[in-house]
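Read through the structure below, which is laid out as structure tokens, and then see the notes.
Readers should treat all values here as calculations from the given coordinates under stated rules, not as data from a laboratory. Nothing here was measured: the structure is a model prediction, and the numbers come from that model. Using ideal geometry, Cβ is built from the backbone for each residue, glycine included, and neighbour counts are taken over all protein chains shown.
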Amino acid sequence: MGNNLDNGFGHENKRQQKGLKCPPLSGFNHLAIYLRWAYEKGFILDEVFKKEPRLKPAMEGKGDLREVIADSSYLKGRMQSYYFTEEFKNFSEWFYQDYCGCVDDYAENYFGTERYNSDKFQDEAYLFVPYNEEYYRGLSKYIDDNWENKPPKLSGESIGREKLDDIRKTIREKTETEVVLIRIENGQTSLTGSKIGGYPYWPAEMEYPVDSNGNKLVLLAQINFTDIRYGKLPDKGLLQFFVAFDDVLGLEKEKGYKVVYHENIDSGITEDDVKNRGIQSNVDLKEEFFMFPTELALPLSFSVQKDYLKERNDGFDKIASRILKEKYGYNCRDLWKFLSTEDYNYLSKDDPEHEHKMFGYPFFTQKDPRTYLDSEGKYDTLLFQLDSEYNEDFGGTEIGDGGVINFFINGKDLENLNFEDVLYWWDCF
């Protein structure tokens, strides 16, 4: 069969639900234009015209093509990729992944940016563009350009290793920064040492962090700054990351996590002192706390290195696409949809399988949560990242299904050693 590329009734529902004062059938404008373009190029299968005899006359201007698409018991208001020849079917499945770009770009050019963003259109300006020959010619040019400059992805062709190497080199040069990389070791931990899991150092006079139900949080990670010696961090003290004892590690829950900094360490406090206060570790809870990244307490080591945008980082696709366009003239809107699978994989061939770190570029399996949780750009610094890692010696770490944990902080708060306002997030595949 094929993919459902578009459904005019979905656009019509927007018109009706929002009470938009645009003509009926506006939701079928783009379907009609795309099908007419394909017909004029000879890309529609004869079977489609047999199934819907009214279609060809409407393509040739005898009646409103949109009405036929909406009314047809065969088309059912939809455009399916199996209407087309094999080559155009593959093109359409690629093109329609990002097709809204053409209707939105045209609408903004037609109305001007100010009107395009006006309350009248309610983010649906494309439905207000008059359906006429001018519109057909405008969008046809967009389809023409994409058809004539089809991406290597569709044919599996390579753009060449020389260009790919240049992209990688250019990205490294443009995005290089310092990072504190963290390595999880297989060994013994101490109460005040840098580690994942285990018992936290905790002074007797301090109130221990609890969740909204009064349950004690569990130590996720502890970093002793004497192990790092890095300019953005103090020379001494302990930084601790706590999470709730539940099946989502406290995510999006009130008091579901806590970051604590101890400037001074009392060497007289022992692990028994901590246990006697009823504080438990992930090791104690491993039989019932299956979501915790590890069942062990594992020591950490650190190294200051160079970091740069990688394929797994947000922003990589955007800068690589810009390089392809500016340096090589490729019309690349989306790197994954443009490059062949082999070329795309080549760009990330030297990337590490996992990255535990402080600072540098964060990694997400889904989307950077700051795009919707931090509209003001407050949390501009990656304070700590724990990734999923497979390790034959100690099992490694597992966050959900191959996920990653991030803690973000404002750079000024970090300078002032204020860890009260930190953004915590984790996601997985």
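So between N215 and D105, what do we pick up on full extension, going 0.36 nm a residue minus the alpha carbon distance?
34.3 nm
For K141, which lysines qualify as cross-link partners when the Cα separation must be under 20 Å and same-chain residues fewer than eight apart are set aside?
Filter leaves K41, K89, K150, K325.
Rank these for me by crowding, K56, K21, going from fewest to most other beta carbons within 10 Å.
So the ranking, lowest neighbour count to highest, is K21, K56.
Enter the angle in degrees (range 0 to 90, nearest 10) between the Cα long axis of helix 316-328 and the first principal axis of the Cα atoms of the chain, meaning the one along which they spread out most.
Taking Cα atoms only, the helix is inclined about 50 degrees.
What percent does the relative contact order of region 260-386 come to when contacts are Cα pairs within less than 8 Å and at least six residues apart?
20
Which angle between 0 and 90 degrees, to the nearest 10, do you get for helix 8-17 versus the longest principal axis of the chain when only C-alpha atoms count?
70
At a Förster distance of 25 Å, what's the computed FRET efficiency of N345 paired with Q188, Cβ-Cβ distance as r, to 0.05?
So the FRET efficiency works out to roughly 0.05.
Tell me the label-point distance for the pair L154, Q122, using the 7 Å Cα-to-Cβ offset, in nm and rounded to one decimal.
3.6
Straight-line reach from K18: which aspartates and glutamates fall under 17 Å, measuring Cα to Cα and dropping same-chain residues less than 8 apart?
Cross-link targets: D119, D123, E124.
Given the pairs K163/K318; K195/K253; K216/K255; K258/K378; K337/K367, which span a C-alpha to C-alpha distance of over 20 angstrom in this model?
Check vs 20 Å cut-off fails for K195/K253.
Pick out which of G395, G198, G250 has the largest mean-square fluctuation in a Gaussian network model of the chain, springs linking Cα atoms closer than 10 Å.
It is G395.
For Y208 paired with E114, estimate the spin-label separation in nm (one decimal), with each label point 7 Å from Cα along the Cα-to-Cβ line.
6.3
Just to confirm the number: angle between the C-alpha axis of helix 29-41 and the first principal axis of the chain, 0 to 90 degrees, nearest 10?
Compared with the principal axis, the helix lies near 60 degrees.
At Y328 and Y74, where each label point lies 7 Å from the Cα along Cα→Cβ, what is the point-to-point distance in nanometres?
4.2
Is there a quick way to get the dipole size of the chain? I mean about its Cα centre, with the Cβ of Lys and Arg at +1 and of Asp and Glu at -1; what is the value in debye to the nearest 20?
Once rounded to the nearest 20, the dipole reads 1580 debye.
If the elastic network links every pair of Cα atoms under 10 Å, which of Q97, Q222, Q240 fluctuates the most in the Gaussian network model of the chain?
Highest fluctuation among the options: Q97.
Between S301, S118, S81, find the one with the highest GNM mean-square fluctuation for the chain; connect C-alpha pairs within less than 10 Å.
Highest fluctuation of the listed residues: S118.
Mean separation of Cα pairs under 8 Å and 6+ residues apart, divided by the residue count of region 298-354: what relative contact order is that in percent?
Reported as a whole number, the value is 27 percent.
Just to compare against my own numbers: the Cα pair-distance distribution for the chain, 20 Å bins, whole % per bin, please.
Cα pair-distance distribution for the chain, in percent: 21, 40, 29, 10, 0.
Relative contact order, percent, of region 4-150 when contacts are C-alpha pairs under 8 Å separated by at least 6 residues?
Value for region 4-150: 28 percent.
Taking neighbour counts of Cβ atoms within 10 Å as a proxy for exposure, in what order, fewest first, do Y424, Y39 appear?
Taking fewest neighbouring Cβ atoms as first place, the list is Y39, Y424.
Counting Lys and Arg as +1 and Asp and Glu as -1, each charge on the Cβ, what is the dipole of region 4-150 about the Cα centre in debye, to the nearest 20?
It comes to approximately 540 debye.
What is the order of M206, M358, fewest Cβ neighbours within 10 Å to most?
Listed from fewest to most nearby Cβ atoms, that is M206, M358.
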